[in-house]
Amino acid sequence: MSTDMEDRLAAALQARAELVQSAELGHPALPEPAAPRWRRPAVVALVAAATVAAVLVPLAFLGHHTSERPLPNNVPLPPDHVPSSRFPAPVPKTTRALSGDVDGDGHPDQIRLVGRTLTVTLAADPGHELTYRSQDFAGLVGLADIGGPGRAVFVSTHDLVEGAELQAIALRQGALQLVLLHEPQGSRSIGVVPGYETSWITPEGVAMTGQLDPMQTGERHLAVKVSRVEGRAGRPVISPVGRWCWDVVMQDVPAPCPAGVDNAFDPGPHGSLPPLLPRTGVADAISPNETWREGSTALHLVESSVHATSSVNQAYNVVGTIDGHPVSAHAGTWQVGLMKRFVDLGHGVRGVATISLDNDNANSGWTWHLLPFVDDRLVSPSVSDTLYPGVSNVVAHGKGHAGETWIGPDGQVFTSVALGDQGYVELFQWQVTDASGRALEAVDLGEVCMDAYWGTYGTCTS
Amino acid sequence: MPVTAGRTLTEHDLGELYAAHRLQLVRLAVLLVDDRGQAEDVVQDAFAGLAAKGGRLREPDAALAYLRKAVVNRSRSVLRRRRTARGYVPPRGLEDARPDERALLAEEHREILAALDRLAPRQREVLVLRYWSGLSENEIAETLDISGGAVKSTASRALDQLEALLRKDEA
């Protein structure tokens, strides 16, 4: 450690922090308490009474809370984004003619799309046509309030690589103009993009948009982070509404999740799956110089007697007592942590878990070391079935396929390997092959749909 | 904001806390999660959590400490979830900061922040709380739920590793 290093670090942190200025922040108001609004009694009762779709829910009940999952808000589609075949691919329903109040005089105006030209004939001035032309116009979607005197016409365009953008065209200063929708991070339009976003207009004239939750997407059931467009101080603002569910077979558009439903995967039973969530992960490990105590067990991490020239190569042992018996075993190298609970390794064997980075490559991910406690001592088992060849004692994430390892609520150790779509994983459970604890194997529990953020999982039906 | 000991937090107290400390807490979260939007959500959630339990906070004077702890914990959750969703959401390290933000940082600062990004989450938390928030060892220990000794050793090792990573990058 050097003073120079500390100074450089402090300066870098200060420089980064100062890039965030108060005037640029969203959320100008103190938030409401963090209870999901759709689970509050009034809303639950409302949802129970409403039998079908979101459009039947009075919008007065839609809130602006922010306790939802931090979805990749406002992140453009990745360049290599390929919609999964599992995702539904909604397309906006369009027409070539509509009627509605564009100028706010209370009388329906006539709206047509002729070729690529949007034409509005005001009831107040039938002899005069207002026009707006765009090469990308493909069809009329509907009219919605966006905070002006009349309603805006939403026009579907084809200027996205895939899907459609819904552009708002409104009457401003006597002419039709494109209006961008505001949100804290900037301005944007809304759209319908398979596997990513859906948008619609309610019969009451509210433009809605929803980001599909990448972690909960089934062939039929999806979770959607829904926002609505509303007028504030005369300008259109995209405001968060909440997490809704979407049964694409039964519902044209997303709706508040039915009472008690927290799983938007295609329905799948837990079946014979062991309890997977909530989980204990690497963030719950203790560091060297801390001690985990539980009954007559006290364990901590110490540097191995073989001192390395660099901290990166320094090995650590887990030492102490288990049930009063002195124990010691290799715990890993660099960034070593000790999980503060026993793990269940099957065959009546419990053990201790440590984590480490184990080499000087910070991007390689954590390696888990599972140490069975057998015959009053810790055993370093061989791995008879490795997920990631080349990594000792298995269970790393960051190698090969994206994987994640954790301890379930009953102490079992699981590794999930991501399949093609987010939320769909191949699940493995780590067990000793027999009561001697000398060998570990990864038992394949099959494909599981899991969302740790919402604490929900089950078998997948697709 | 002066919250008088012995009484519960009122909505007014919370409003004052929000006005006085939101920016610093968002900056803290940005340093932990490297993403402004998520940092704002983290802080908003922390205040929402405090609002939900405002009247029941055992020590109203500790409201700021509670918020700081909530921000650290929620930032940790963001990082955990980001790992889970890595296949969908590109990792948002410094390289994913807004282009104008990148351009505003000096090369030396960028290097250090990139190295900081490669440390273990707890090491990063300790360094940020110590060298940016300016917290004492006891305050860091309280925020992270670890011992004072662990704060000291974690900071020391984290600085060593930061230095090693920078040397390695330079080589």
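The values are calculated or read from the model by the stated rules, or taken from the named source; none is laboratory data. All figures in this text were calculated on a predicted structure; none of them were measured in a lab. Cβ sites come from the backbone with ideal geometry, for glycine too, and all protein chains shown count toward neighbours.
Observations
- Complete set of residues in region A:171-184 that are within 17 Å of residue A:234 (Cβ to Cβ) and under 34 Å from the mean Cα position of the chain (by Cα): A:178, A:179, A:180, A:181, A:182, A:183
- Leading residue by the ranking (modelled with the lowest pLDDT) among those in region A:434-452 that are buried (at least 21 other Cβ atoms within 10 Å of the Cβ) and in a loop (DSSP other than H, G, I, E, B): A:452
- Filtered residues of region B:13-45 (kept if more than 8 Å from every other protein chain (Cβ to nearest Cβ) and more than 24 Å from residue A:10 (Cβ to Cβ)): B:13, B:16, B:17, B:19
- Options A:400, A:458; residue that is surrounded by fewer than 18 Cβ atoms within 10 Å (Cβ to Cβ) and either modelled with pLDDT under 65 or in a strand (DSSP E or B) (or both): A:400
- The single residue among A:240, A:203, A:275 that is in a strand (DSSP E or B) and either modelled with pLDDT of 85 or more or acidic (Asp, Glu) (or both) turns out to be A:240.
- Criterion violated by residue A:321 - all others in (1) at pLDDT below 95; (2) farther than 27 Å from residue A:441 by Cβ satisfied: (1)
- Region B:137-162 - residue that is surrounded by fewer than 21 Cβ atoms within 10 Å (Cβ to Cβ) and at the interface with another protein chain (Cβ under 9 Å from one of its Cβ atoms) and, of those, nearest to residue B:65 (Cα to Cα): B:146
- Test: residue in region B:104-123 that is more than 9 Å from chain A (Cβ to nearest Cβ), part of a helix (DSSP H, G or I), modelled with pLDDT under 75 and under 25 Å from residue A:22 (Cβ atoms): no
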